[in-house]
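Colleague: After the structure tokens below, expect a handful of questions from me.
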């Protein structure tokens, strides 16, 4: 009930402001960790000294598995240019990358073989920045420091990488609507964006001993 009410309020605000897009949906509601009932808003700042925030009742919570937004085309446009924006792991630990129908394949960074994809593995590593505790109920508490502004904070860097993906994808779609691209051209771009994003995420992830 708390999650639904919060999600509804966030979506209503985007609709009222005529700003509901795939980008705003992923940057806002998909990653929202607020708990209105206890006045907890980690992304907006909490009292000095606050180390953790409870996320079991937030829209995005400690056990959310992934986020996907499907972005269609306008009437008359090529439906094969429809885009799937995907965060292949917990939304707050990664950045969305585009996968186009026209490409007819997924980027190498998202492709799983016998185990998880490279992107999923990277997101799992970043998760430890947001959820450093794994014992009992502590696993439901998120680290407030990961939201802070500054060069070392994880979330601002992830959002910046995602925003760049939307910028480059929008530019490509404008070109493709004028001149229909080949599947190979579309795949090259989605693979390039996914590889760049994976590198950004791996740069944020804490290094294991010996690295």
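The values are calculated or read from the model by the stated rules, or taken from the named source; none is laboratory data. Owing to the predicted nature of the structure, the values given are computational and were not obtained by experimental measurement. Positions of Cβ are backbone-derived with ideal geometry, glycine not excepted, and every protein chain shown enters the neighbour counts.
Colleague: Sort out which residues of region 177-189 are surrounded by 15 or more Cβ atoms within 10 Å (Cβ to Cβ) and at pLDDT below 95, and write them in order of number.
Modeller: 177
Colleague: Within region 30-50, restricting attention to residues that are closer than 13 Å to residue 142 by Cβ and in a loop (DSSP other than H, G, I, E, B), which residue is modelled with the lowest pLDDT?
Modeller: 46
Colleague: Next question. With respect to residue 104, is the statement that it is at negative phi and surrounded by fewer than 16 Cβ atoms within 10 Å (Cβ to Cβ) true?
Modeller: No.
Colleague: Ok, one more. Only residues that are touching a residue at least 40 places away in the same chain (Cβ under 8 Å) and in contact with a strand residue (DSSP E or B) (Cβ under 8 Å, 6 or more places away or on another chain): list them for region 71-91, please.
Modeller: 71, 81, 83, 85, 87, 91
Colleague: I've got another one for you. Could you identify the single residue in 125, 95 that is crowded, with 17+ Cβ neighbours inside 10 Å and in a helix (DSSP H, G or I)?
Modeller: The unique qualifying residue is 125.
Colleague: Is it the case that residue 112 is over 22 Å from residue 62 (Cα atoms) and in a loop (DSSP other than H, G, I, E, B)?
Modeller: When the stated conditions are applied, residue 112 passes them.
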